[in-house]
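Q: I have a structure I would like to understand better, so I am pasting it below and will then ask my questions one at a time.
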Amino acid sequence: MDGLLEELLRLETAKHKALLLIDAFTYDLTVREQMELLATSKNTLSACADIERLLTLSQLITLNTRLLQNLLSTSPLFNAGTGEYTAQGGLSITTVPSRVSVEV
């Protein structure tokens with residue numbers, strides 16, 4: 001499990017950087033990669049020897065969740081092209097109107 005833990009930590013760090021850079025495309029790619037990793041390694045879990053790395057991963061996931069919630073509520077740039085993840089791991093794309101009306 002330590003190899004899986006290291007890979008999850010790497011991916012979570014990549015998600016963190018994407019959130020800080022307000023890069024929705026990279027964030028989505030990293031989430032997909034993380035979901036694929038978890039789906040393929042579901043049956044290979046064993047005891048974790050490195051509790052400190054597990055704690056670090058947990059804290060980073062919590063931080064990233066808060067950053068994502070903040071971005072979704074404040075930044076239209078991050079939310080414009082994204083949809084929601086389905087139970088099958090796919091991305092449900094929501095359509096965004098292509099017209100903008102501006103009055104002066």
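The values are calculated or read from the model by the stated rules, or taken from the named source; none is laboratory data. Keep in mind it's a predicted model, so treat the numbers as computed, not measured. As a convention, Cβ positions derive from the backbone with ideal geometry for all residues, glycine included, and neighbour counts pool all protein chains shown.
Q: List pairs: first in the stretch 53-79 and under 16 Å from residue 31 (Cα atoms), second among the acidic types (Asp, Glu) and modelled with pLDDT of 85 or more, Cβ under 7 Å, 6+ apart or cross-chain?
A: Matching pairs, first to second residue: 57/12; 60/12; 61/12; 64/12.
Q: Another question about this same structure. Test residue 74 against the criterion of being at pLDDT 70 or above, exposed (fewer than 12 other Cβ atoms within 10 Å of the Cβ) and farther than 30 Å from residue 3 by Cβ, and give yes or no.
A: yes
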